[in-house]
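The values are calculated or read from the model by the stated rules, or taken from the named source; none is laboratory data. Small disclaimer: the values here were computed from a predicted structure and weren't measured. Here Cβ is always computed from backbone atoms with ideal geometry, including for glycine, and neighbour counts include all displayed protein chains. Note: areas computed on protein heavy atoms with side chains; ligands, DNA, RNA excluded. Shrake-Rupley method; radii C 1.70, N 1.55, O 1.52, S 1.80 Å.
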Number of protein chains: 6
Amino acid sequence: MVYLTRRYRFSAGHRLHNDVLSTEENRRVYGKCNNPNGHGHNYLLEVTVAGPIDPATGMVFDLVTLDGIVHEQVLDKFDHRNLNLDVENFRTRVPTTENLCLEIYALLRNSIPQGGAGQRVRLDRVGLEETSLNSFECVGETEGRKKAMR
Amino acid sequence: MVYLTRRYRFSAGHRLHNDVLSTEENRRVYGKCNNPNGHGHNYLLEVTVAGPIDPATGMVFDLVTLDGIVHEQVLDKFDHRNLNLDVENFRTRVPTTENLCLEIYALLRNSIPQGGAGQRVRLDRVGLEETSLNSFECVGETEGRKKAMR
Amino acid sequence: MVYLTRRYRFSAGHRLHNDVLSTEENRRVYGKCNNPNGHGHNYLLEVTVAGPIDPATGMVFDLVTLDGIVHEQVLDKFDHRNLNLDVENFRTRVPTTENLCLEIYALLRNSIPQGGAGQRVRLDRVGLEETSLNSFECVGETEGRKKAMR
Amino acid sequence: MVYLTRRYRFSAGHRLHNDVLSTEENRRVYGKCNNPNGHGHNYLLEVTVAGPIDPATGMVFDLVTLDGIVHEQVLDKFDHRNLNLDVENFRTRVPTTENLCLEIYALLRNSIPQGGAGQRVRLDRVGLEETSLNSFECVGETEGRKKAMR
Amino acid sequence: MVYLTRRYRFSAGHRLHNDVLSTEENRRVYGKCNNPNGHGHNYLLEVTVAGPIDPATGMVFDLVTLDGIVHEQVLDKFDHRNLNLDVENFRTRVPTTENLCLEIYALLRNSIPQGGAGQRVRLDRVGLEETSLNSFECVGETEGRKKAMR
Amino acid sequence: MVYLTRRYRFSAGHRLHNDVLSTEENRRVYGKCNNPNGHGHNYLLEVTVAGPIDPATGMVFDLVTLDGIVHEQVLDKFDHRNLNLDVENFRTRVPTTENLCLEIYALLRNSIPQGGAGQRVRLDRVGLEETSLNSFECVGETEGRKKAMR
């Protein structure tokens, strides 16, 4: 079992604001991230897939295929976008990096094989760095993972 | 003569769009940076001041003073802001990182001593990294600099 | 379950020396880190907390609260200090980065909720980088962690 | 239980090519990595050992000993080498970074104590970064690890 | 005058060897870089162009154009290649990073406008990092540069 | 003319304190860096030498020779030391990073050829990073440099 991590970068704007909270509550919870006109970040995305090494190729997963999935499922939707206004799923959910990480995990989990019968690799982890100080991770907790113990 | 460089970080949103250009021209010139709802970046700012070492303190410039100037002149205005909508000077100028770098250089040049009589230090350089691939610099070209040859 | 990692930095001096060992043994075990007048490092601290996303805020843990805890429990005690002379707990224990990492883990575990009834988040991991070549980690091994498998 | 990670770097050349595949298949599977005369990389190696802190020294593992093992087992064999032509084990196996990571893991596992009776530390993980975009990990899956849950 | 720096990366193999030197001299001058089967690196290339900000676009130089030039002149020739065997100009010159940096500077100087009449921008600098410890720079020394003093 | 930059790292302790200032003045000028028992840093040193490429070797300067000079002149004196107590020149001068950078520049200028008749290379620049936020540079200002315009 080898873990392959591939990094991608995208830039997006967002505003942290929840309509069900009052103006003061939004300001208190989100601080300057609640700025009405929004701000933005360079996000660093890490996608980890786990699997055995294919003896024919010596590889865990074809990188061209992985890049194609990540571009179609993630980068084409989020890169150079305003997350609140341009992304359907964040019209009603706050685009915190936690929610963004979970969204990307869900998008990729549906696109990368997950360890069922005959499927060699599975999505192991999505990491998302918002700034050089903050980063977030979603980790697969499938039966396969429990056995692999990481 | 010693050069001191201090790094700061801020996050902002922007949209590259020039009203005097047509929709197609804007799209052609700015590409995905022209997205109507904007996007954003983590900017890494480097401020370099040059001067002799003060023999009393062993320092070129007091960092607490420098931080105060940069916070007041730059970070308080740009951090967690939308450059197009929240910053007066970019309502009519395109907030490219070139223009942002030049704006920061002008703001700091008016606040940090520049090498005239009795002034020990001068602003030497402002560097601004927009992404891990792109960065910009404005460099002082005063008479003092010409003599110092860097 | 989402993992949030926040980075902090502090600078401190230390000397690796154990009074129960002879002068030669100290020199052999700790090498140049046994220099009588000590040396120092820039430490990079990573604190990871794990928990579900709060649906009201879209966040795992309030960063202002986390920063307050880390400043009070760690940075105020260690930053710009001599670990051997200024920190009570290292007067009798060798301030290796292993021991420092464990000490920080213990300080934070007592301050950040750990996954009991009604507590949303728990300290998952403390990472401590001593130099660009060496880093250390303490990882929670509570019942909750065992179930989450990471 | 503390995890110690130490970083090493080496530079090597390689060519991805499998003799059992046709010329077209090699080109399709490996793309430009199949270039007949090869290319090369700066590899960043991370070796993680896990164990309790030795109360006599305050350390998990002696770094001089670890460096000696890694130099002898890994760096002396791979640094400034052509992996395909200079390394016995890659004459018949494709030197993908997956295979290289697994090879290094096997070399170190035989050299660093693994958690049996009387052995304090064990190899926990080998990480290998091929470029700033791609990295690979092999993780120990011994009984000890399963219990430690990381 | 604003300086724009754009980063590119490529991976290549090389061997340092000069046919006019004896075997012992080659070994003494180049050390392990003289390994007969070669080794390789991930090169980080920085290209700096200098010029005034175009008031119509707010930019110094169009990045799509710059990327096109660098891909055609540099990356297509060197990326995933063996410098000694695959690059015409290094069949008879030793592919040290100094020579590679100078070669890239010459290739780009002939492709990017240099500050003559009617030409807005000029190549200011080519930086080439061979490893995290070694980097090289070639800097333009045209009349324009002498006046700009950097 | 090519510029070669080589990076070195060392760790040292220091205390910023000037005996000619009062206790309150020292506290005001140096803040927490005045802590009586000191603190410390990982310093990143960059040494840039400039010169033409030697046509026989394709190199600007032999790295083994440069490493020998830097180890003898700098690292052996400062690495894993307390700058105030272990380094002669800082017994009476405050070991700010400005003063340390200047000291290293002076030590290397006397050891690396400087551009006179028959000397191929000269020390161009010493950079010293104290933390990820602060760095300092000393730049040669010889006649040769003035002509080279950087």
Those residues that are farther than 29 Å from D:C33 by Cβ, at pLDDT 95 or above and β-branched (V, I, T), I need them from region D:65-85; list them, please.
-> D:I69
Can you give me the number of residues within region D:9-66 that are of a type in the set (S, T, N, Q), facing chain E (nearest Cβ under 10 Å), open to solvent by less than 30 Å² (accessible area, probe 1.4 Å) and in contact with a Ser or Thr (Cβ under 7 Å, 6 or more places away or on another chain)?
-> 1
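Of the residues B:E46, B:E88, B:E141, which single one is among the acidic types (D, E) and modelled with pLDDT of 95 or more?
Values: B:E88 fails: modelled with pLDDT of 95 or more; B:E141 fails: modelled with pLDDT of 95 or more.
Only one candidate qualifies: B:E46.
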Selection from region E:27-45 of residues of a type in the set (A, V, I, L, M) and under 21 Å from the mean Cα position of the chain (by Cα) yields E:L44, E:L45
Any hit, region E:108-127, residues being out of contact with any His (no Cβ under 8 Å at 6 or more places or on another chain), of a type in the set (A, V, I, L, M) and without any contact (Cβ under 8 Å) to a residue 60 or more places away in the chain = yes
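For region E:116-134, give me each residue that is of a type outside the set (V, I, T) and either in contact with a helix residue (DSSP H, G or I) (Cβ under 8 Å, 6 or more places away or on another chain) or at pLDDT below 95 (or both).
Start the filter on region E:116-134 by keeping residues that are of a type outside the set (V, I, T), which leaves E:116-120, E:122-125, E:127-130, E:132-134.
E:G116, E:A117, E:G118, E:Q119, E:R120, E:R122, E:L123, E:D124, E:G127, E:L128, E:E130, E:N134 - these are the residues of region E:116-134 that are of a type outside the set (V, I, T) and either in contact with a helix residue (DSSP H, G or I) (Cβ under 8 Å, 6 or more places away or on another chain) or at pLDDT below 95 (or both).
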Looking at this structure, is B:I112 at pLDDT below 95 and open to solvent by less than 10 Å² (accessible area, probe 1.4 Å)?
-> yes
Quick one: is D:R93 farther than 14 Å from D:L123 by Cα and open to solvent by 30 Å² or more (accessible area, probe 1.4 Å)?
-> yes
Tabulated pairs, region F:33-49, first within 17 Å of F:C101 (Cα to Cα) and free of Cβ contacts under 8 Å to residues at least 24 places away in the same chain, second in a strand (DSSP E or B) and polar (S, T, N, Q), C-beta under 8 angstrom, 6+ apart or interchain = none
Check F:L102, F:L4, F:L75, F:L85 and return the single one that is away from chain C (no Cβ under 12 Å), surrounded by fewer than 22 Cβ atoms within 10 Å (Cβ to Cβ) and not small (G, A, S).
-> F:L102
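Residues in region F:36-43: is at least one modelled with pLDDT under 95 and either among the β-branched types (V, I, T) or out of contact with any helix residue (DSSP H, G or I) (no Cβ under 7 Å at 6 or more places or on another chain) (or both)? Step through it out loud before you land on a result.
Just the residues of region F:36-43 that are modelled with pLDDT under 95, to begin with: none.
Looking for residues that are modelled with pLDDT under 95 and either among the β-branched types (V, I, T) or out of contact with any helix residue (DSSP H, G or I) (no Cβ under 7 Å at 6 or more places or on another chain) (or both), one finds none in region F:36-43, hence no.
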